[in-house]
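S.K.: Sharing a structure here in structure tokens format.
The values are calculated or read from the model by the stated rules, or taken from the named source; none is laboratory data. The shown structure was predicted, so the numbers you read here are calculated from the model rather than taken from an experiment. Here Cβ is always computed from backbone atoms with ideal geometry, including for glycine, and neighbour counts include all displayed protein chains. Note: areas computed on protein heavy atoms with side chains; ligands, DNA, RNA excluded. Shrake-Rupley method; radii C 1.70, N 1.55, O 1.52, S 1.80 Å.
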Amino acid sequence: LEANLNRCLSVQHCPWCVRDRWRNVPDVPVMKEYEWLWQALRQGQHDLVTALAPREFDWKSCHPWYGTPLMAAVHNAIVCPGGKQEEERSHELIRWCMAMGADPRGVAGRADAMSVGLPPSPPGPGWKVYDDNGHIWWQYDGMLGLFWCEDSKKTDSDSYSCPGGDPAMKIMAEEHSGHSAISLILAIKRKLDLWNPMYKKYSERIDKLASVFACGSVHLADNLMLVNKNIVQTWTNALANNQLADVELQAQDGTSVWAHGVVLCSASEVLKATLSSPMREGQTQKIPSNISQAALRHLMALIYTGCPDKEYSISVHLEALDLAHRWQLDHIVEALETKLVKEVSAASKLSVQEQLAMIDHALESAVLKHLPNLRQACHRTVAASQCLRDAAMRNEFGCIASKDLASITGGEQGPGVGNKRKRTLELT
């Protein structure tokens, strides 16, 4: 496990998360306007973080209390008071943070928070003393949970209990200072394993969390940098300048989007070969496509600026992904995959029919284009929904998706596998 986590992890540029190169996180003050975000990360608030996290938030920053963003999320991901469902939501949150540029390898020099276990003996932060007619006792109500102990035994951690009579975790919580998210979970695991098998379920959760960190390597932002918004605006203006454009990209409905050959040739070796060939495309500087004008505009915005120019539907993302894959625009394929993973992970907000359509198309694209993160997201979404599992058993997905979901359905498929008509995808 440790060898797998410590292997070299590398990624390409992701247009949705333009951030600076990784460094050991400096101990700098964190703007108070983001304090709510750090608290939400600590509490595993998936929807709050993914919906409202500011675009300008630096996912490689360090909080003087929590450490790195992923370190802030570790405690809830291991303790998981909501059970298996909350554990999976915590994993989804961590995957999303990594897609935004958070790195589990980043070290926080100073971070006073602690995770998983008992707090330091009272008195101290979170502790209050109570006197019930001469009976002195202490209660802790803080980031680590709720604990209480007798005043006469406050230095004996074995005497700590949780309200309600549940046995307290008898390991001392691990301080974040000097840790990365990876070293933090490994340090906690070493403590838990000493008490094996009493804390086996927590140790197993750490193993799963380690796998999430390792599998998220495709999103680690080693080669990302901060870009001034004026630079983005410059390239936006260049894309909008049709007077100097010399290449016509034709959509499937006959409409066109204009671009600049030097930009296209610099972005893609496939386009460079196409535009310089003696074939018709090279002679006329016209490139036909089988995608919509909206998808062409979306793809051009990503090529020129690295950023989407507006919000698009799932179907437009998938169309753009198809052409980016054919043109071998690997960094844009990765960015679109990241965006689609987020959309698929939030599919539970849609109707069952809309979820079926989304996952059918997304999973087919993931299988055909060998996109492991999107494929895993589709599988997780289907596995988490009884309605979608039943639909897979009834063969309501297309041929490719149905075959790929066999591991979830136990290999059982309804009659007529592969005969399902293509489902229309019209999601916003």
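S.K.: Could you list all residues from segment 48-72 that are touching a residue at least 60 places away in the same chain (Cβ under 8 Å) and in a helix (DSSP H, G or I)?
M.R.: Scanning segment 48-72 gives Thr50, Leu70, Met71.
S.K.: Which condition number does Arg326 fail, the rest of (1) open to solvent by 30 Å² or more (accessible area, probe 1.4 Å); (2) touching a Phe, Trp or Tyr at 6+ places or on another chain (Cβ under 9 Å); (3) at pLDDT 95 or above being met?
M.R.: With (1) open to solvent by 30 Å² or more (accessible area, probe 1.4 Å); (2) touching a Phe, Trp or Tyr at 6+ places or on another chain (Cβ under 9 Å); (3) at pLDDT 95 or above applied to Arg326, the lone miss is (2).
S.K.: If you go through segment 378-397 one residue at a time, how many are open to solvent by 10 Å² or more (accessible area, probe 1.4 Å) and either of a type in the set (A, V, I, L, M) or touching a strand residue (DSSP E or B) at 6+ places or on another chain (Cβ under 6 Å) (or both)?
M.R.: Of the residues in that region, 3 qualify.
S.K.: While we're here: Take the residues in segment 306-315 that are in contact with a helix residue (DSSP H, G or I) (Cβ under 9 Å, 6 or more places away or on another chain) and surrounded by fewer than 22 Cβ atoms within 10 Å (Cβ to Cβ), then tell me which one is nearest to Arg375 (Cα to Cα).
M.R.: Ser315
S.K.: May I pose another question? Can you name every residue in segment 111-142 that is surrounded by fewer than 16 Cβ atoms within 10 Å (Cβ to Cβ) and either of a type in the set (A, V, I, L, M) or part of a loop (DSSP other than H, G, I, E, B) (or both)?
M.R.: Asp112, Pro123, Gly124, Pro125, Val129, Asn133, Gly134, Ile136
S.K.: Restricting to segment 79-95, name every residue that is surrounded by fewer than 24 Cβ atoms within 10 Å (Cβ to Cβ) and among the aliphatic types (A, V, I, L, M).
M.R.: Passing the criteria: only Val79.
S.K.: Can you report the number of residues in segment 366-393 which are of a type outside the set (A, V, I, L, M), part of a loop (DSSP other than H, G, I, E, B) and modelled with pLDDT of 90 or more?
M.R.: Result for segment 366-393: 1.
S.K.: Given the conditions (1) modelled with pLDDT of 90 or more; (2) outside any loop (DSSP other than H, G, I, E, B); (3) crowded, with 21+ Cβ neighbours inside 10 Å, which single one is not true for Val341?
M.R.: (1)
S.K.: Has segment 175-183 got any residue that is modelled with pLDDT under 85 and among the polar types (S, T, N, Q)?
M.R.: no
S.K.: Right, another one. What is the number of the single condition among (1) at pLDDT 90 or above; (2) within 22 Å of Ala173 (Cα to Cα); (3) open to solvent by 40 Å² or more (accessible area, probe 1.4 Å) that Leu209 does not meet?
M.R.: The single condition Leu209 does not satisfy is (3).
S.K.: Does segment 349-363 hold any residues that are part of a helix (DSSP H, G or I), free of Cβ contacts under 8 Å to residues at least 40 places away in the same chain and surrounded by fewer than 21 Cβ atoms within 10 Å (Cβ to Cβ), and which are they?
M.R.: Answer for segment 349-363, where residues must be part of a helix (DSSP H, G or I), free of Cβ contacts under 8 Å to residues at least 40 places away in the same chain and surrounded by fewer than 21 Cβ atoms within 10 Å (Cβ to Cβ): Lys349, Val352, Gln353.
For every residue, the table says whether it meets (1) under 30 Å from Thr155 (Cβ atoms); (2) among the charged types (D, E, K, R).
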| position | (1), (2) |
| --- | --- |
| Trp38 | no, no |
| Arg42 | yes, yes |
| Asp47 | no, yes |
| His75 | yes, no |
| Val79 | yes, no |
| Gly101 | no, no |
| Ala111 | yes, no |
| Gly126 | yes, no |
| Asn133 | yes, no |
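S.K.: For segment 14-38: of the residues being within 28 Å of Lys349 (Cβ to Cβ), surrounded by 15 or more Cβ atoms within 10 Å (Cβ to Cβ) and out of contact with any Gly (no Cβ under 9 Å at 6 or more places or on another chain), which is modelled with the lowest pLDDT?
M.R.: Checked segment 14-38; the qualifying residue modelled with the lowest pLDDT is Tyr34.
S.K.: All but one of (1) of a type outside the set (Asp, Glu); (2) open to solvent by 80 Å² or more (accessible area, probe 1.4 Å); (3) not in a loop (DSSP other than H, G, I, E, B) hold for Leu184; which doesn't?
M.R.: For Leu184, the failing item is (2).
S.K.: Do you know which residues across segment 168-182 are within 15 Å of Ala77 (Cα to Cα) and either touching a His at 6+ places or on another chain (Cβ under 6 Å) or of a type in the set (Gly, Ala, Ser) (or both)?
M.R.: Ala173, Ala181
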